1. In region 7-45, what residues are assigned to a strand (DSSP E or B), of a type in the set (Lys, Arg) and surrounded by 15 or more Cβ atoms within 10 Å (Cβ to Cβ)?
2. Restricting the search to region 20-66, which residues are closer than 25 Å to Glu86 by Cβ and either among the acidic types (Asp, Glu) or in contact with an Asp or Glu (Cβ under 7 Å, 6 or more places away or on another chain) (or both)?
3. Within region 1-37, restricting attention to residues that are touching a His at 6+ places or on another chain (Cβ under 9 Å) and in contact (Cβ under 8 Å) with a residue 12 or more places away in the chain, which residue is farthest from the ligand (Cβ to nearest atom)?
4. May I ask you to list pairs of residues, at least six apart or on different chains, whose Cβ atoms are under 7 Å apart, with the first in region 68-80 being in contact (Cβ under 8 Å) with a residue 12 or more places away in the chain and the second being more than 9 Å from the ligand (Cβ to nearest atom) and β-branched (Val, Ile, Thr)?
5. I'd like the residue in region 49-64 that is aliphatic (A, V, I, L, M) and part of a loop (DSSP other than H, G, I, E, B) and, out of all such residues, is farthest from Glu100 (Cα to Cα).
6. Return yes when Val84 is away from the ligand (no atom under 15 Å from the Cβ), surrounded by 11 or more Cβ atoms within 10 Å (Cβ to Cβ), among the aliphatic types (A, V, I, L, M) and within 27 Å of Ile102 (Cα to Cα) and no when it is not.
7. Which of the residues spanning region 71-118 are of a type in the set (Ser, Thr, Tyr) and either at pLDDT below 90 or within 12 Å of the chain's Cα centre (by Cα) (or both)?
Amino acid sequence: MNHLDCSICELRCRLTEGRQGACGLYELQENRIVERFADRYLVACPISIETAPILHFYPGAKFLQITTTGCNFNCPGCISTVLVREMFPDSRALQHLTVEQIVAKAFETRCEGIVFLMNDPLVMPRILRAHGCKGPNATKRPVAV
Ligand code: SF4
């Protein structure tokens, strides 16, 4: 086999050995599609929901902003391009956090939920599934936006 088609998003990239898809997040290695930036985050800190910017949704509430790397969009004029599309997996700018640690951080910092900013979360199904995780002392599930 000399290629695999990635089915995570609608771009359906055809990956050949050592080549990344359009998002820069997935690569074919030894006939397996692997995540290049697993558990690495550019940003994981609380913000006010209005800075997202999202209005009229949990007004004034604190949410945990998370930003990973890579994006399957290629929007003209995107201000996040340098940060999310030109990052190396070993960059010291990236924090290593598991999805459970992200959810726990949302609870510990008393956030109402988790908000994805700067790149497209739809190419990170593992993270999206994690919003259903419960923290150790959780009484309610955080909202993922
Ligand atoms: S997730 Fe990335 S590699 Fe997979 S199809 Fe979409 S852009 Fe291509």
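1. Once the filter is applied, which keeps residues that are assigned to a strand (DSSP E or B), of a type in the set (Lys, Arg) and surrounded by 15 or more Cβ atoms within 10 Å (Cβ to Cβ), region 7-45 yields only Arg40.
2. Of everything in region 20-66, those that are closer than 25 Å to Glu86 by Cβ and either among the acidic types (Asp, Glu) or in contact with an Asp or Glu (Cβ under 7 Å, 6 or more places away or on another chain) (or both) turn out to be Gln20, Leu25, Tyr26, Glu27, Leu28, Val34, Glu35, Arg36, Asp39.
3. Ranking the candidates gives Glu17 first.
4. Final answer for the pair search is Thr69/Val84; Gly70/Val84; Cys71/Val84.
5. Of everything passing the filter in region 49-64, Leu55 is farthest from Glu100 (Cα to Cα).
6. no
7. Selection gives Ser80, Thr81, Thr98.
One line per residue, one yes/no per condition, for (1) surrounded by 14 or more Cβ atoms within 10 Å (Cβ to Cβ); (2) aromatic (Phe, Trp, Tyr); (3) in a loop (DSSP other than H, G, I, E, B):
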site: Ile47; (1), (2), (3): yes, no, no
site: Ile66; (1), (2), (3): yes, no, no
site: Cys75; (1), (2), (3): no, no, yes
site: Phe88; (1), (2), (3): no, yes, yes
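The values are calculated or read from the model by the stated rules, or taken from the named source; none is laboratory data. Note that the structure is a prediction, hence the values are computed from the model and not measured. Every residue, glycine among them, receives a Cβ derived from its backbone with ideal geometry; neighbour counts consider all protein chains shown.
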